[in-house]
Each structure stands twice: as C-alpha cells, then as structure tokens.
Amino acid sequence: GYFYSRWNKCIHSSRDLSDIVFIDNYIFNKDVYIQFNSTVGKYVGYTEHGVYNAELWNNNTGILQSERAEVERYCKYNAELYQAAIADKS
C-alpha cells in the first residue's frame, strides 16, 4: 500500500514570537516530496513530482498567500494560547 501524510509545524524560540516559522510538509511513503517554509516564502520540491507541484503552487498567488498567512492565523494564535497557559502561570 501507499502512505500519504501532511505535517504542519510551528517553530519558535523567542518569547515574543518574532522568530516563528511555519513548515508544511507533504509526505509520500515516508519521504517529504514538497515543503512550504515561511522563511523561504514558497514551496520547495524534493522529488520530480514535488518540483512539478512546487512550480504550479508557487505560480498560484492564492495558494501562496494562504500558506504565508498560516504564520499569523495558526502559529502565532496557538503559540500565544500555549504561552498564556503554560509560561505565564505564577
């Protein structure tokens, strides 16, 4: 059989969340074939199929804007909630 998954993750080390990075991995049979990294600001393909899709998705401004907005919508929002629940307790 085949195995497909998509993993999103947010990484930050500063308390003010100024260095937050959103990474969106597309995985097929345990290999990342395409990835969006908010630091790079576009998709990067790691296989022939991934390079093909990266080119298509990078030329679609709607898809790119949606992924770039995930830093604010998903990462910062949730990180602020976790920060308040964990680090700000006395």
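The values are calculated or read from the model by the stated rules, or taken from the named source; none is laboratory data. Everything quoted here is computed from the prediction, not taken from an experiment. Reconstructed Cβ throughout: ideal geometry from the backbone, glycine too, with neighbour counts over all protein chains shown. Accessible surface areas use protein heavy atoms only, side chains included; no ligands, DNA or RNA. Shrake-Rupley method; radii C 1.70, N 1.55, O 1.52, S 1.80 Å.
Heavy atoms of the protein chains alone define the surface here; on that basis the chain has 70 Å² accessible area per residue at 1.4 Å probe size.
Share of the chain's accessible area from carbon and sulfur, percent, 1.4 Å? Answer for the chain: carbon and sulfur cover 53 percent of the accessible area.
How would Val71, Val40 line up by accessible area, probe 1.4 Å, largest first?
Details: Val71 20, Val40 85 Å².
Descending accessible area places them as Val40, Val71.
Largest first, the residues Tyr52, Tyr33 sort by 1.4 Å accessible area into Tyr52, Tyr33. Taking every alpha-carbon pair under 8 Å whose residues sit at least 6 apart, the stretch 4-88 reaches a relative contact order of 21 percent.
In the chain, the calculated helix contribution to ellipticity at 222 nm averages -10000 deg cm²/dmol per residue, counting -39,500 (n - 2.57) for every DSSP H run with n ≥ 4.
Of Cys75, Cys10, which has the most accessible area and how do the rest follow, probe 1.4 Å?
I get Cys10, Cys75, largest accessible area first.
Only the Cβ atoms of Lys and Arg (+1) and of Asp and Glu (-1) were treated as charged; on that basis the dipole of the chain about its Cα centre amounts to roughly 160 debye.
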